[in-house]
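Contents: one structure, followed by commentary.
The values are calculated or read from the model by the stated rules, or taken from the named source; none is laboratory data. Treat the numbers as computed from the prediction; the structure is a model and nothing was measured. Ideal geometry is used to build each Cβ from the backbone, glycine not excepted, and the neighbour counts take in all protein chains shown. Side chains are part of the model used for accessible areas, which takes the heavy atoms of the whole protein and leaves out ligands, DNA and RNA. Shrake-Rupley method; radii C 1.70, N 1.55, O 1.52, S 1.80 Å.
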Amino acid sequence: RRSRVLMREDEEISALLEREMKKRKIKLIKEATVENLDVLGGGVHSLISTGEEIISDTTLVATGRAYNSEGIGLEKVGIETGSRGEILVDSRMATNVDGVYAIGDVTGGMLLANVASSEAGVAALNMMGGNAGMDYTVVPRAIFTTPEIASVGVREYEAKKADLDYATGHFQYRALGKAHAIGEISGIFKVVADSKTDRLLGVHIMGPHATDIIHEAALAIRLGLTVSEAAKTIHAHPTLSEGFLEAAEDAHNRAVHIPRKKAVVMA
């Protein structure tokens, strides 16, 4: 049961996706579970915990994944596993058995192909005598909905939970000339910054090519750049990535392409 879609993503992004789904006449049923499925008369009858019955041509069941670590001899060599069957590793991707490494989904971390590839590089280097370690703090997340969603770093609700002194900046896709040129104006850029240090903490994008643009933000966060430094980086025009620059400027109330009720002095 979930109160919104994409529970792990930024709340504003989640709300925008729900709005887009509604615009496309996609019915979203929240805080409910499927109690029973029956194939009757060429259709699928789904009984929902709310008491509602939905009849559809097809039904996609997506209930997660399980670790395929049983019966491969882990216990014979003494490799430790967690309560769910995941292989336990340290930051070097090493198991408790000397010379044995594990990467990817079976280690129970971020179940992403790009993360597994990075883990493989770390493991391979350490196998050859190196001393590399995985850093999971800056991992871009991509969701291929329409519009696309991408994020990296800290979400606003995480900043609130951690009691951080933070600021946010926003910019709408519809204010970008390139978005109008390609006929896709739905979406938003959002940045989260540390109010004390001005360091960029997180970036969340919903809109066309969000999954490509997010890597600019990932690099900025990885290098410890401030929002001001990101805002001073000249972007080509007209492009969609200008939205990141504008959102960074908005964190300081300086985005010139956002209507203001009060005059802002540019320094």
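Restricting to Cα pairs below 8 Å that are 6+ residues apart, what does the relative contact order work out to for region 109-159? Please round to a whole percent. All intermediate terms of the calculation are to be shown ahead of the outcome.
Numbers: 28 pairs, mean separation 11.0, N = 51.
Contact order relative to length: 21 percent.
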Charge dipole (debye, nearest 20) of the chain; +1 at Cβ of Lys and Arg, -1 at Cβ of Asp and Glu: 960
Projecting each Cα onto the charge dipole of the chain (Lys/Arg +1, Asp/Glu -1 at the beta carbon, about the Cα centre), which of 145, 172, 226 comes out farthest on the positive side? 172
So if I average 1/r over every pair of distinct C-alpha atoms in region 52-140 and take the inverse, what Kirkwood radius in Å does that give? 14.9
Checked against the positive end of the charge dipole of region 1-76 (+1 on Cβ of Lys and Arg, -1 on Cβ of Asp and Glu, about the Cα centre), the farthest of 58, 32, 6 is 6
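How many percent of all Cα-Cα pairs in the chain sit more than 29 Å apart?
Within the chain, distances greater than 29 Å cover 49 percent of Cα pairs.
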Not counting ligands, DNA or RNA, and with a 1.4 Å probe, what is residue 244's accessible surface area in Å² rounded to the nearest 10? 10
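For region 107-259, take the alpha-carbon Rg, divide it by the Kirkwood Rh, and send me Rg/Rh.
Details: Rg = 16.7 Å, Rh = 16.4 Å.
Taking Rg over the Kirkwood Rh, I get 1.02.
Explain nothing, just the number: dipole magnitude of region 1-114 about its Cα centre with +1 on each Lys and Arg Cβ and -1 on each Asp and Glu Cβ, in debye rounded to the nearest 20.
Working: 15 positive and 19 negative charges, 96 e Å.
Using Cβ point charges on Lys, Arg, Asp and Glu, region 1-114 gives about 460 debye.
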Per residue and in cubic angstrom, what volume does the convex hull of the Cα atoms of region 193-249 have? 73
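Using R₀ = 41 Å, calculate the FRET efficiency as 1/(1 + (r/R₀)^6) where r is the Cβ-Cβ separation of residue 252 and residue 76; round to 0.05.
On the way: r = 59 Å, r/R0 = 1.45.
Computed FRET efficiency for residue 252 and residue 76 comes out at 0.10.
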Could you tell me the relative contact order of the chain? Use alpha-carbon pairs under 8 Å, at least six residues apart, and round to a whole percent. 12
Taking a ≥ b ≥ c as the square roots of the eigenvalues of the Cα gyration tensor of region 118-194, is the shape rounded (a/c under 1.5), prolate (a/b larger than b/c) or oblate? oblate
If one computes the Cα centroid of region 64-107 and of region 26-43, what distance in Å separates the two points? 36
Set the bar at 30 Å for Cα to Cα. Now go through 23/190; 23/178; 178/232; 22/178; 22/232 and name every pair that lies beyond it. 22/232
